[in-house]
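Undergrad: The structure is given below, and queries will be raised subsequently.
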Amino acid sequence: MDGLPLDALVSRMLARSPFGYRVATDDSERDIAYRLRAGAVLDRGWCTPEDLPGGLERDEYDDRAIHVIGWDGPVPMSTGRVVLPPGLPTEDACGLVVEPRGEVVDVGRMCVARSHQSLEHAAFTGLMCRLYLAMRENGFGVACGMMSAPARSLMGLMGLRLEILGPPRVHWNEPRTPVRFSLMSAAKLLAAEQGQPAEPQVPRTSTVFAPPNPKELDSA
């Protein structure tokens, strides 16, 4: 795919981030992602330790997914994944095909460790930037996922245009809506970089991810 202005912007944002983000390259690093996800669902009471063999939260899509981990020095603090086609979690959960068929990835299983949820939106924004690069590195520009209303609002404030693909359904213990989006449509990020008037402040990460309505594991 040809380079886009947002590619350079995302790279600069990651370079300025206080955190490091990288793709898991072996089983031990992927286990770190699964443990972060397990901690999120256990913290929420969505399952018990007995439901998570070996203390890992994983499913049948993980073996062919790209897993991104956010690091605060040596401490892992966030994760998310990109599932490549064919056969996406959102498609299977909702019984639909996200167009263009075979050219869409599924972005999901995003969570930020409770220890870093007070750092406003920095941890989540960096995670989204690195997931964007993972998409681009594999030749994709369109994604889908199952998202809660607060997560959709946050992504909208970041400038991402979300297309609703169907009605909400209970997914990970709360209503979530299937959406399609292009991370190349973040016009507000580009406008801010080019010196345009600032947008309203993005909600703190804790607003989206912390009690009383925790939003870990947006999306599928």
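The values are calculated or read from the model by the stated rules, or taken from the named source; none is laboratory data. What you see is a predicted model; the values in this text were computed from it and never measured. Don't worry about glycine lacking a Cβ; one is built from the backbone with ideal geometry, like all the others, and counts go over all protein chains shown.
Undergrad: Taking the conditions exactly as written (out of contact with any His (no Cβ under 9 Å at 6 or more places or on another chain) and either closer than 23 Å to THR177 by Cα or of a type in the set (Ser, Thr, Tyr) (or both)), does ARG81 satisfy them or not? Lay out the reasoning, then the answer.
TA: Details: out of contact with any His (no Cβ under 9 Å at 6 or more places or on another chain): no; either closer than 23 Å to THR177 by Cα or of a type in the set (Ser, Thr, Tyr) (or both): yes.
Here the answer is no, as ARG81 does not meet what is asked.
Undergrad: Could I ask something else about it? Would you tally the residues in the stretch 111-133 being outside any helix (DSSP H, G or I) and modelled with pLDDT under 90? Outline the logic, then answer.
TA: Narrowing the stretch 111-133 to residues outside any helix (DSSP H, G or I): 111-113, 117-121.
Cutting the leftovers down to modelled with pLDDT under 90 gives us 117-121.
Matching residues across the stretch 111-133 total 5.
Undergrad: Let me ask another. Does SER118 satisfy the condition of being surrounded by fewer than 22 Cβ atoms within 10 Å (Cβ to Cβ), in contact (Cβ under 8 Å) with a residue 60 or more places away in the chain and either more than 24 Å from PRO175 (Cα to Cα) or under 18 Å from the mean Cα position of the chain (by Cα) (or both)? Talk me through it step by step, then tell me what you get.
TA: On the way: surrounded by fewer than 22 Cβ atoms within 10 Å (Cβ to Cβ): yes; in contact (Cβ under 8 Å) with a residue 60 or more places away in the chain: yes; either more than 24 Å from PRO175 (Cα to Cα) or under 18 Å from the mean Cα position of the chain (by Cα) (or both): yes.
Judged against the criteria, SER118 is a match.
Undergrad: Answer yes or no as to whether GLU91 is in a loop (DSSP other than H, G, I, E, B), in contact with a strand residue (DSSP E or B) (Cβ under 9 Å, 6 or more places away or on another chain) and crowded, with 16+ Cβ neighbours inside 10 Å. Give the derivation first.
TA: Numbers: in a loop (DSSP other than H, G, I, E, B): no; in contact with a strand residue (DSSP E or B) (Cβ under 9 Å, 6 or more places away or on another chain): yes; crowded, with 16+ Cβ neighbours inside 10 Å: yes.
No.
Undergrad: Here are the criteria: (1) under 12 Å from the mean Cα position of the chain (by Cα); (2) farther than 16 Å from CYS94 by Cα. Tell me which single one GLY139 does not satisfy.
TA: It is condition (1) that GLY139 fails.
Undergrad: A follow-up question, please. Taking the condition of being surrounded by 20 or more Cβ atoms within 10 Å (Cβ to Cβ) and assigned to a helix (DSSP H, G or I), how many residues in the stretch 134-151 meet it?
TA: Final tally of qualifying residues: 3.
Undergrad: State the number of residues belonging to the stretch 10-34 that are assigned to a helix (DSSP H, G or I), in contact with a Ser or Thr (Cβ under 9 Å, 6 or more places away or on another chain) and modelled with pLDDT of 95 or more. Break it down stepwise before answering.
TA: Quick first cut of the stretch 10-34, residues assigned to a helix (DSSP H, G or I) only: 10-16, 27-34.
Pick out the ones that are also in contact with a Ser or Thr (Cβ under 9 Å, 6 or more places away or on another chain) and you get 13, 32-34.
Now drop any that are not modelled with pLDDT of 95 or more, which leaves 32-34.
Number of matching residues: 3.
Undergrad: In addition: In the stretch 37-83, which residues are in contact with a Lys or Arg (Cβ under 9 Å, 6 or more places away or on another chain), within 25 Å of THR125 (Cβ to Cβ), hydrophobic (A, V, I, L, M, F, W, C) and surrounded by 16 or more Cβ atoms within 10 Å (Cβ to Cβ)?
TA: Within the stretch 37-83, ALA38, ALA40, ALA65, ILE66, VAL68, ILE69, VAL83 qualify.
Undergrad: Spot the failing condition for ASP72; the list is (1) modelled with pLDDT of 95 or more; (2) within 23 Å of GLY102 (Cβ to Cβ); (3) not aliphatic (A, V, I, L, M), and only one is missed.
TA: (2)
Undergrad: A further question follows. Give all pairs with beta carbons closer than 6 Å in which a residue from the stretch 37-65 that is farther than 16 Å from SER78 by Cβ meets a residue that is hydrophobic (A, V, I, L, M, F, W, C) and modelled with pLDDT of 95 or more; count only pairs at least 6 apart in sequence or on separate chains.
TA: Qualifying pairs under 6 Å: LEU52/ALA38; GLY55/ALA38; LEU56/ALA38; TYR61/VAL83.
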